[in-house]
Structures are given as structure tokens and as C-alpha cells.
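Below is one structure, written out as C-alpha cells; the observations come after it.
The values are calculated or read from the model by the stated rules, or taken from the named source; none is laboratory data. Here the structure is a predicted model, which means the values were calculated and not measured. Heads up, the Cβs are rebuilt from the backbone with ideal geometry, glycines too, and the neighbour counts pull from every protein chain shown. For accessibility, only protein heavy atoms count, side chains too; no ligands or nucleic acids. Shrake-Rupley method; radii C 1.70, N 1.55, O 1.52, S 1.80 Å.
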Amino acid sequence: MVGLLLALQVSTLSAHSPARAVYERVILGGRVMDPPSRLDAVRNIGLQGGRIAIITTRAIQGQDTIDARGLVVTPGFIDLHAHGQTPETYRFYALDGVTTALELELGTADVAAWYRERDAGERINYGVSIGHIKVRMAVMHDSGTRMPVSDGAYRAASPAEIGEIAQRIETGLREGAVDIGAGFPYTPAATREELLAVFRVAAKTHTPIHVHIRPGVTGLKEALALAAETHAPLHVVHINSAGLAETPAMLEMISAARASGRDVTTEAYPYDAGMTEIQSATVQDVYKNAPDERLAELEWPPTGERLNRENFERYARIGGPVVIHTNTEPMVAAAITSPLTIIASDAYWQDGTGHPRTTGAFARVLGRYVRGGRANVGAQHAAPLPNGTLSLIDAIRKMTLMPAQRLEARVPAMRKKGRLSVGADADITIFDPATVIDRSTYREPSLSPVGIQHVLVNGVSVVANGQAVEGVAPGKAVRGAAPR
């Protein structure tokens, strides 16, 4: 019955189109996969004015043609957790099939200025949260640049400062922030009253708060309690790195909260090691006085050294990103394959060094967890996963529709993304399901994946035949609506 309805829908769409229309672009003969409708069939797609104009079984013509025979055609991937927001990283993301990359955890303290810096357009669509971490750094006059390292991390805010933090967050929402970002481990001195003030803004404005919780079940209980007390929508970032061995229990907690009617979502990235700034509170509080065997969980990316007391202190004085090897492949697989999780990269790139998830997260899910190919980093010595660990349509849903739906109540533009349907934005990713896989490693994190053949943003190619198209900037700002 579903297949018949889809066939009737496509026929109707075709019948309403001019018989001899010539579209700006056509994508011919691809296996079209649309998560909302569950369409999974060979179709032709016509694009006009940056939107999808037709999806049909009939022959169509275009001024420009993409031959998608043997390839999968999906909505462009939407990344809710991408820290690098530069032309360099936008290029990385596009090569991994991402058409919209949003900085929603760390965020910014000045939303208007952040968007002004990108007014000329970027390679892909972009957006930002108003970030509690960044706002707290500004209010507390922290001496750090990327992360708080002084009062922004370690001094409790006065009632007046808490009021200013809340007011600045409301201002950021009025200026179009996508949502509110927070990271409790990076601001350990923030009191519960301060966090409640932030959650109250989220509740009052019906804005999701995108939170890096404190570790484990205890950390999730804290965030769920704050959301319950204020009725704020909650999004828990990277559940696998927050949960480690407790990931299955934490997924059950989120499932139970959702079953009781709570607005709670979560995400995961497909790697068993994390990365953050070595000078940040989240590293210093755990490792500053740790023994060498615990310090060996840390890796200095440029050299591959596992850290000990001597080089930890030396690199902490220099500053920079550090790899944190604390997770296991079974916990990653549990998170990635859970029906609860959105795929989000937590991309991290700083001064030419970064985590391989910056360049390969989405291809890795498709190659490793859908097809069952061998990974290049993380569990690189493990056997390939069996086929069917995650179905292709479910993987695409996690990369497209689910992130769009998480945001669309606050960001109306997201209702036109994450879908392949007439009228949707022409943000489209086309890949080879037989070859797609990540290639980046901790030594060579900038290596692009293979198998991502074409990526279109608002109808414009930013990747063609597996290569980045240079000199294009079709990406548009993704902004939240004015709070109600």
C-alpha cells in the first residue's frame, strides 16, 4: 500500500509539471532515498531556483545533467555539532556530504557579529547558537580565547552576573541564534542557579538547549532534572563520549523521558576517541594530577605521543587539541545504531590539526555501520562490522530528517531541509554505497573520504565527481525565528 501511494504521488507530481520543461539542473537515474516518505527507488529529479521542482519516473531535460546511475541520491547531510566554521572546514564538510553545518554546543557570545562575518556566503549552509560558555567568558572577563581557562571556568557568578548571562542569551536569540549551547564540564563553577537561569530562557523562548553534560548517568540526571524543572527542550550532545560504558543505560534514560512526553533528543559520532583543548577545564580537572597510566589515555596529535606527567605539563603550557582515548567500539556501535541518535560529527579543527571526524564522520557511518567496511581510525584493528548493522534508510534519516526535525520548531527554514520532495531546498548528496568510507586518521586528519561523488547546496555543485568545486559560495545563513 505504501509503495502504491508513493507511485501515485510521484505520478501526480509529474503530471503537474510542464511536459517539455527544461530545468536548470537534472539528476538522472539515481536511487532516490527520502526518509519521510520512505521512497527508495530509481527516479529523475529536476531542480529550479535552488529548490526541487520535480521527482519523476519520466524522462526530463535540464540545462545541466548529473548522471546518478548506480549512485544513491539523498537529502544533504545536516551536522548539528560542527566546531570549525571557516572556509577550510566548510570544504572538509562538503567533501563528507554535509550541506548544512551548525555550531550548536560552544556557540558564540555575539550572534549578530558571527553572521555578519559570513554575509558574503559560504560553501555550505551555516548557523550558530548563543553559547553559555562564550557568554560566560565575556561576562566573567575570562582570559581564554577558544575555551574558558580562568574566571569563566572557575569563579562562581554573582546574582548580577547570572542576570547578565541570561539577558545576553536572550539577546542572542533575538539576533537569530539557532538555539542555546552549553557545556557543563567547561564551566565547573557555574552553580545550579546559574544553569537554571539558562534553562529558563530556553523554556520561555521554546528553544532547544544543546548541552555537553557532565560524564555518565549522573551527568544525564542533572541535565534531565534541569529540563524537567524548567520545561526546556533538551538536546544531549555526543551521548557515546559522555556515557562511555554507561551509554546503553543513558540511552534507556532518554527513551524513558521521551516516552513520558519530554522533549529530549541526542546525537552520536562514530569514533571511540574524543578531542578537546588541553588547557580546558574538562581536561585539566581530570588529568592535571592523574598518574601516568591515566595520562596515557591522552595523545598529542602532531606526534602521536601518549602523554605522561612531563609532556602533559609541557603541552598544557603550549596549548592545543589533544586526543582522548577513553571509549570502546561496542559503546560507539550502541550509540550509532540506536533509533534515538542523530549523527553529528563534533568536528574539531584548530590551526591545521583536528579530529578525523571533521572530515570523515558521515562517510564512516555509511561505510562502516551500513555496509560493514573496515574503519580507518578508532577500531582500526577490529574486524569489519557485519552488513546490516544499520540500514541505509535509517542512516540517512539520522543524517538528514532527524536533525532537521530537532530544529524546525525554532528554525522554520529547516522544514525545507532533510527531505527530497517537491519544494524542498536543493541540498543534495549523491554517493556510491559500494565504496563510500572515511580515510582520515589521527596522523592525517585532513584526508577526505571516498565515495561521496556529488554535493549540491541550494542547487549549486560544491562537490563534483568526488572533487571540491572551487570558487562557489551558495551556502546561506540558517537562523532561528524571533522568540515567541
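Can you give the FRET efficiency to the nearest 0.05 for T57 and E470, using r as the Cβ-Cβ distance and R₀ = 41 Å?
Values: r = 35 Å, r/R0 = 0.86.
That gives a FRET efficiency of 0.70.
Would you kindly work out the equivalent ellipsoid of region 19-161 from its C-alpha gyration tensor and give its semi-axes, the square roots of five times the eigenvalues, largest first in whole Å? Walk me through the numbers before you get to the answer.
Details: eigenvalues 392, 43, 31 Å².
Ellipsoid half-lengths, sorted descending, are 44, 15, 12 Å.
Below 8 Å between Cα atoms, with a sequence gap of 6+, how large is the relative contact order for region 32-167 in percent?
Working: 180 pairs, mean separation 19.7, N = 136.
The value is 14 percent.
Leaving out ligands, DNA and RNA but keeping every protein chain, what accessible area does T89 have, in Å² rounded to the nearest 10, with a 1.4 Å probe?
The accessible area comes out at roughly 0 Å².
In the chain, which helices (entire DSSP H runs) extend 24 Å or more along their own long axis, judged by Cα positions, while averaging at least -1.0 on the Kyte-Doolittle scale?
Helices meeting the criterion: none.
Full-extension gain between T191 and D119, please, as 0.36 nm times their residue separation minus the C-alpha to C-alpha distance.
Values: separation 72, 0.36 × 72 = 25.92 nm, distance 3.67 nm.
Extending this stretch completely gives an extra 22.2 nm.
Region 38-80 to region 179-256: how many Å between their Cα centroids?
38 Å
Cα atoms only: what Rg and Dmax, in Å, come out for region 404-484?
15.6, 47
Would you mind telling me the antiparallel percentage of the DSSP bridges in the chain, rounded to 5?
Close to 55 percent.
Explain nothing, just the number: relative contact order of the chain, from Cα pairs under 8 Å at least 6 residues apart, as a whole percent.
20 percent.
Can you put R20, R317, R410 in order of accessible area, largest first, using a 1.4 Å probe? Working shown, then result.
Values: R20 215, R317 175, R410 15 Å².
Largest accessible area first, the residues go R20, R317, R410.
Which value in nm describes the separation of the simple spin-label points at T218 and D394, placed 7 Å from the Cα toward the beta carbon?
Label-label distance for T218 and D394, simple model: 3.3 nm.
Mind checking which of A223, V237, T207 is farthest towards the positive end of region 109-248's charge dipole, using Cβ charges of +1 (Lys, Arg) and -1 (Asp, Glu) about the Cα centre?
V237
Any idea what the dipole of the chain comes to, in debye rounded to 20, about its Cα centre with Lys/Arg Cβ at +1 and Asp/Glu Cβ at -1? Don't jump to the answer; show the numbers that get you there.
Working: 49 positive and 50 negative charges, 288 e Å.
Dipole about the Cα centre, nearest 20: 1380 debye.
Solvent-accessible area of I162, probe 1.4 Å, all protein chains present, reported in Å² to the nearest ten, please.
30 Å²
What distance in nm lies between label points placed 7 Å from Cα along the C-beta direction at E305 and R443?
Computed distance between label sites E305 and R443 equals 1.8 nm.
Give the average over all directions of the projected area of the C-alpha convex hull of region 124-181, one decimal, in nm². Could you put the intermediate results ahead of the total?
Details: hull surface 17.1 nm².
Averaged projected hull area, Cα only: 4.3 nm².
Evaluate the Debye formula for the chain with equal point scatterers sitting on the alpha carbons, no solvent, and hand back log10 of I(q)/I(0) at q = 0.07, 0.10, 0.12, 0.13 Å⁻¹, in q order, two decimals.
Here the Debye-derived log intensity ratios amount to -0.35, -0.72, -1.04, -1.21.
Cβ under 10 Å from S448's Cβ, S448 left aside: what net charge do those residues give with Lys, Arg +1 and Asp, Glu -1?
Details: positive: R91, R439; negative: D96, D438.
Around S448, the surrounding residues sum to 0.
So what's region 83-128 giving for Rg/Rh, alpha carbon basis, Kirkwood Rh from the mean inverse pair distance? Write down the numbers at each step before the final one.
Details: Rg = 10.2 Å, Rh = 10.8 Å.
My calculation of the ratio gives 0.94.
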